[in-house]
Structures are given as C-alpha cells and as structure tokens.
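Written out below as structure tokens is the structure these notes cover.
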Amino acid sequence: MFVAKQISFDLSVLATLQTKELSLQSTLQELSLYNFTVESDRPGGEVAMAFQDNPLLPGVILTERNRLLGMISRRRFLEYMSRPYGLELFLKRPIKSLYLLANTDTLIFPSDTLIVMAASRSLQRSAELLYEPIVVEIKPKVYRLLDVHQLLVAQSQIHELASQLIGKLYQQLEKANLELQLLATADGLTKVANRRRFDEYLDSKWHELCREQLPLSLIMCDIDCFKSYNDTYGHLGGDACLEQVAQAISSSVKRPADLVARYGGEEFAVILPNTSAAGAVTLAEQIRMNVKALQIPHIKSCVIPYVTISLGVATIVPDSELTPASLIAAADRALYRTKALGRDRVSVL
C-alpha cells in the first residue's frame, strides 16, 4: 500500500456495496466511500503510484492548507498523463498544476443527501462528466469520494423508485456509454481518431477490400522539425500546433469512409479505402498545402519559418499473403524518402 506524509489513504472502506436493504430515505453516508486525500503541493508521481497500486481508486481529493481545493478523477489524471510530454509535465510537478489545467467541475454533496437525489443530480451532468467521482462531505472539512457506479447501483436497489427511474437511468447510461465509447476511440488532444481506432479500422478495411480486391491507400504525415518547435514554443504551444494541424488534415478529407488518426506524437495517418495511388497523392498534396497555409510560425524549422509537414503515400490491393503492417511499412518508407529529399513534400511507393 502506498502511504506518504501528506497523503491520507484508507482501504478499509473500499468493500463492495453493503447487502443491507436500502430505502427511499437512504443517504450517501450508508455507502462505501473512498478516503484518498492529497496535499496539492505533492508531486503527480505520488498520485500515479497510488493509482497504479490501487486500481479501484476513482480519483483523488486535493487539499490546500487543510482546506478542500477540488478533485481529479483517475480518468482525467490518466488522460493528461498520456498526452505528449504529459509525464514530463506532471510527474515531478505539484499535482495542483494538473488540477488547474484540467479545470473539471466537482460535484459535492453533504453525507446526509438522499441517494435518489444525488443520483438524479449526477445524471444531469454532461456525458463527459457522468462517470466523474462525487465528493461527499462527511463533516466540516472532512471529505470522501464516491464512485458514481456505486451510487447508481445503490439507486437501482431502491425498489420503490425502480419503476419510475430505471427506464430513464438505462436510457441516459446508454447514451453516455455511446458517447464515452466515441471518446475512447478519439485522441484526447486533437479529437481525431486515436491509434487504437486506427489499428481497428485499418484491419477492418483490409479484410473488406481483400474480399472485393479493391485498393487501399494510406498517407503518413509527420510535422517537420517538431522537437525544435516544442523547444522553442513550449509544450503547450506544441499542443496547440498539433490541434491546428489535425484540424487542417481533417478538413482536407471529405469522404465519410476515410479516417484521420493521430498515429503517435507529431505523426498523423489517413486511411483511404478504395482509393488509387493517384487519388491518394492528390489528397496528400492538398493536406500539405492546407497545413502550410495555416502559416503557424516556426522560426527554428529546418525547412521554412512556418510549420510544414512531410507525407508518405502507399497503395496496396490487399490479399491473404499480406497484412496491414505491409501497407504501414510502405507508407513509412515513402515518408522516410520525403524527409531525405528535404521535407515539405509528398513521396509515394
């Protein structure tokens, strides 16, 4: 168990929801609550270690001079840690810096709040916040965390409200799950598809076009001299640059079947089902020009004093003797050729 001087962490109350009967008058204090409190000046690495050691923890309560500052959920914490340079930014810095950047509204209830009232209020939040933990004030200046999943389970066990609330509950949860599923397949920073979605979609289209014997094209895009951009403008500036470039790439792609994804770091990919090499090159050139037209200043660029991208294009008619990895490798080789030729251009294999 992870323990530090400024961290109060207690697993004795982390048992599953008690089997006793709940009623319409049941309150939050009858539920199992999490005690995980951190002084805001503690480094993020301590919180990361606690989350790693205790996978059930839904979040962390932040205090400042023994007064409540707010709450950061496990999901929000991991989201910021997974961003480019997130570990460098937050592991050794005070957890307060991440909290101020995340800027998440915290739902706080007194411990004598009715379960049904807390559940109803929780369900009114946006889909993105629906699964954020709830802060419960046990007594003045004493706070605990409540996993919203446990709250909803408790609410469903109150049989006198089931006929009125269960239908609405499931409808809202279904909608939230669909929206969260979308969030799970999108890159948190750029909002284009993430690497997981890229791999799934490429595999799906590969097998589909293998049956139909139609071409599948892939464009790999890499922001030129991005490390020097970060060194010059800082990581927040780098994040803003990635967002603008992702938007320029997305706006260039018109067909619903085409997928723009963040492949990793400053690299993006575009999957183009049923697209010839000529069509893919034309689109790649359009993407290159659209990014260049943004005229994002980059005084330390090795190309021109604006942000540019290099692109590699590959096209394959899938067959059973090949794999999607062969298409990625071909596009990577084309991208390598582009960089060798001076960047800010399109190469094709």
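Quickly run through the range 112-141 and pick out the residues that are closer than 20 Å to GLN171 by Cα and not hydrophobic (A, V, I, L, M, F, W, C). Show your work before the answer.
Quick first cut of the range 112-141, residues closer than 20 Å to GLN171 by Cα only: 115-132.
Answer for the range 112-141, where residues must be closer than 20 Å to GLN171 by Cα and not hydrophobic (A, V, I, L, M, F, W, C): SER120, ARG121, SER122, GLN124, ARG125, SER126, GLU128, TYR131, GLU132.
Mind listing just one residue for me: the one in the range 218-242 that is surrounded by fewer than 17 Cβ atoms within 10 Å (Cβ to Cβ) and out of contact with any Lys or Arg (no Cβ under 8 Å at 6 or more places or on another chain) and, of those, nearest to VAL270 (Cα to Cα)?
ALA240
Does ASP231 satisfy being in contact (Cβ under 8 Å) with a residue 60 or more places away in the chain and outside the structural domain of ARG343 (by TED's automatic domain parsing)? Give the steps one after another, and end with the answer.
Working: in contact (Cβ under 8 Å) with a residue 60 or more places away in the chain: yes; outside the structural domain of ARG343 (by TED's automatic domain parsing): no.
Taking the combined requirement at face value, the residue does not satisfy it.
Quick check: is even one residue across the range 128-137 modelled with pLDDT of 90 or more, assigned to a loop (DSSP other than H, G, I, E, B) and among the β-branched types (Val, Ile, Thr)?
No, that holds for no residue.
Give ARG333, ARG345, ARG337 a once-over and let me know the one that is in contact with a Ser or Thr (Cβ under 6 Å, 6 or more places away or on another chain), surrounded by fewer than 21 Cβ atoms within 10 Å (Cβ to Cβ) and either of a type in the set (Val, Ile, Thr) or within 18 Å of TYR263 (Cβ to Cβ) (or both).
Values: ARG333 fails: in contact with a Ser or Thr (Cβ under 6 Å, 6 or more places away or on another chain); ARG345 fails: either of a type in the set (Val, Ile, Thr) or within 18 Å of TYR263 (Cβ to Cβ) (or both).
Within the list ARG333, ARG345, ARG337, the selection yields ARG337.
Among the residues of the range 285-310, what is the count of those that are buried (at least 17 other Cβ atoms within 10 Å of the Cβ) and in a loop (DSSP other than H, G, I, E, B)?
So the answer is 6.
The rows are residues; the columns are (1) surrounded by fewer than 17 Cβ atoms within 10 Å (Cβ to Cβ); (2) of a type in the set (A, V, I, L, M, F, W, C).
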{"position": "GLU79", "(1), (2)": "yes, no"}
{"position": "ILE95", "(1), (2)": "no, yes"}
{"position": "LEU98", "(1), (2)": "no, yes"}
{"position": "LEU101", "(1), (2)": "yes, yes"}
{"position": "PHE109", "(1), (2)": "no, yes"}
{"position": "ASP112", "(1), (2)": "yes, no"}
{"position": "ILE115", "(1), (2)": "no, yes"}
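The values are calculated or read from the model by the stated rules, or taken from the named source; none is laboratory data. Since the structure is predicted, the reported quantities are computational estimates derived from the model, not experimental observations. All Cβ positions, glycine included, derive from the backbone under ideal geometry; neighbour counts span all protein chains shown.
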